[in-house]
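The structure appears below as structure tokens.
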Amino acid sequence: MTPVRVAVLVSGGGTNLQTLLDALADSDVARVDRVVSSHAAAGALERARGARVPTSVLADPSDAAQMLTSLGDAGLVVLAGYLKRVPPAVVARFRLRMINIHPALLPAFGGPGMYGRRVHERVLAGGAAISGATVHYVDEEYDRGPIIAQWPVPVRPGDTPETLAARVLAVEHRLLPLVVLELAKRGVPREPVRLFPDGSAFAAKNELSVRLLDE
Ligand code: GRF
């Protein structure tokens with residue numbers, strides 16, 4: 001089986017990218033083929049170079065032609081801390097082959113401007129008892145594409161945006177490689193995939209069995 005070529009879009013420090021680099025390093029199912037950044041100062045680029053993965057920086061992230069050239073013939077595109085809107089022509093080219101990770105349980109606490117600390121502030125202000133991470137397909141709107149998988153975490157008394165963000169980031173780092181490997185194992189199907197927690201793994205089952213994770 002030829003490994004699925006994964007292109008990763010980044011804007012930040014790249015801890016999610018790092019979990020993919022580590023999880024796919026010896027995989028014959030998928031491999032990180034290139035890293036594309038919305039700006040040259042993203043810490044994620046250093047991580048890619050450290051793993052000897054080709055990198056590029058978008059001069060204009062809203063330019064569809066430029067992004068299509070940067071993504072090339074990737075079999076799967078992953079937005080890992082990527083903060084720009086993806087041009088519609090790129091979304092169309094990679095329909096159901098482009099996914100994003102978001103640090104909340106969508107459809108709540110998503111949308112334009114909902115990233116980083118602000119997400120966790122809103123979750124706490126809303127009095128939510130659980131939060132978590134969501135991996136979803138990317139469409140023309142921020143954080144609205146079909147959900148693939150979610151992993152919940154408890155909101156604990158006394159939580160600050162920082163303590164909640166750290167708890168969510170820990171499950172982001174488990175969820176994203178799991179979903180990428182599951183999609184690659186299935187050959188990145190042209191039909192939406194929905195994955196549900198099943199013990200410590202994920203299974204494409206039609207019964208919901210969510211459980212709160214204990215740290
Ligand atoms: C993560 O919480 C991610 O969900 C969000 O940005 C944060 C930082 O990601 N989009 P990373 O360390 O750059 O992967």
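The values are calculated or read from the model by the stated rules, or taken from the named source; none is laboratory data. Computed from a predicted model, the values in this text were never measured in an experiment. When we count neighbours, we look across all protein chains shown, and the Cβ atoms used for this are built from the backbone with ideal geometry, even at glycine.
Among the residues of the range 19-37, those that are free of Cβ contacts under 8 Å to residues at least 60 places away in the same chain, buried (at least 18 other Cβ atoms within 10 Å of the Cβ) and not hydrophobic (A, V, I, L, M, F, W, C) comprise ARG31, ASP33, ARG34, SER37.
The numbered conditions (1) within 19 Å of GLY81 (Cβ to Cβ); (2) modelled with pLDDT of 95 or more are all true for PRO146 except (1). Taken as a whole, the range 171-194 holds no residue that is without any contact (Cβ under 8 Å) to a residue 12 or more places away in the chain and farther than 22 Å from SER27 by Cα. Among the criteria (1) among the charged types (D, E, K, R); (2) in contact (Cβ under 8 Å) with a residue 24 or more places away in the chain; (3) within 16 Å of the ligand (Cβ to nearest atom), the one ARG49 does not fulfil is (2).
On inspection, PRO54 passes the criterion of being more than 16 Å from the ligand (Cβ to nearest atom) and farther than 30 Å from GLU191 by Cβ. Taking TYR82 as the residue in question, decide whether it is within 15 Å of the ligand (Cβ to nearest atom), hydroxyl-bearing (Ser, Thr, Tyr) and without any contact (Cβ under 8 Å) to a residue 40 or more places away in the chain. Considered against the rule, which asks whether it is within 15 Å of the ligand (Cβ to nearest atom), hydroxyl-bearing (Ser, Thr, Tyr) and without any contact (Cβ under 8 Å) to a residue 40 or more places away in the chain, TYR82 comes out as no. If you go through the range 153-188 and keep only what is touching a His at 6+ places or on another chain (Cβ under 8 Å) and of a type in the set (A, V, I, L, M), you end up with LEU164, ALA165, VAL168. State yes or no: is THR134 under 15 Å from ARG194 (Cα atoms), free of Cβ contacts under 8 Å to residues at least 60 places away in the same chain and β-branched (Val, Ile, Thr)? So THR134 passes the test.
Could you tell me which residue of the range 144-172 is surrounded by the most Cβ atoms within 10 Å (Cβ to Cβ), considering only residues that are closer than 27 Å to LEU96 by Cβ and within 14 Å of the ligand (Cβ to nearest atom)? This residue is VAL168.
When you check GLY113 against the structure, is it closer than 24 Å to LEU9 by Cβ, modelled with pLDDT under 95 and assigned to a loop (DSSP other than H, G, I, E, B), yes or no?
On the way: closer than 24 Å to LEU9 by Cβ: yes; modelled with pLDDT under 95: yes; assigned to a loop (DSSP other than H, G, I, E, B): yes.
Taking the combined requirement at face value, the residue satisfies it.
For the range 1-17, which positions are in a loop (DSSP other than H, G, I, E, B) and away from the ligand (no atom under 15 Å from the Cβ)? First the steps, then the outcome.
In the first step, residues of the range 1-17 are kept if they are in a loop (DSSP other than H, G, I, E, B); the result is 1-3, 11-14.
Residues satisfying the conditions are MET1, THR2, PRO3.
Taking the criterion of being outside any loop (DSSP other than H, G, I, E, B) and crowded, with 17+ Cβ neighbours inside 10 Å, the residues of the range 123-143 that qualify are VAL123, SER131, GLY132, ALA133, THR134, VAL135, HIS136, TYR137.
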